[in-house]
């Protein structure tokens, strides 16, 4: 998310964030219900973002999977890396009711140790994601609310019945709402809740420079 969504050119170019999040989804390794497994992850991470203009931004992030389950068995610890970009397609204006429109894209990978049905195994996944967010800021930009939707896909690698298997997410979409509260000159506090499709919740702290 840019520092401001009104197109003001006098914005900080750098952003450093820390976040904790939880995700729950179903992974399909075949064509039937017996091949669909639930995966849950709890992660912590940090990111650095660069916004050379008020329209464009790029972000690099790294994190750790601190806990999780796959097929009801332990998943984690593990690590993840991601790179992303954002484009402010429509800025918000004070005298019009139209919201800002932000387009995002990211590519991420995760590797973790897990407990398969025949012992320890390596869990791996890659994820290509495209999303849109629309919202408004009030109180001179101190409070921003938005709705968001994202589509994604990528292979998931696991072991079942002693064999390596490759699957993918059951839903390939996620959607929900978010809010950011700004403490002027100090930090932004954010919460995002995505209950539709892949379910997730994230809390973040961001400092702009």
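The values are calculated or read from the model by the stated rules, or taken from the named source; none is laboratory data. Values in this document were obtained by computation on a predicted structure and should not be read as measured data. Please note: Cβ atoms are built from the backbone with ideal geometry, for glycine as well, and neighbour counts cover all protein chains shown.
The residues listed here are 103, 83, 44, 39; of these, the one that is at pLDDT 95 or above and under 19 Å from residue 160 (Cα atoms) is 39. Of everything listed in (1) crowded, with 18+ Cβ neighbours inside 10 Å; (2) within 13 Å of the chain's Cα centre (by Cα); (3) farther than 30 Å from residue 186 by Cα, the single unmet condition for residue 80 is (3).
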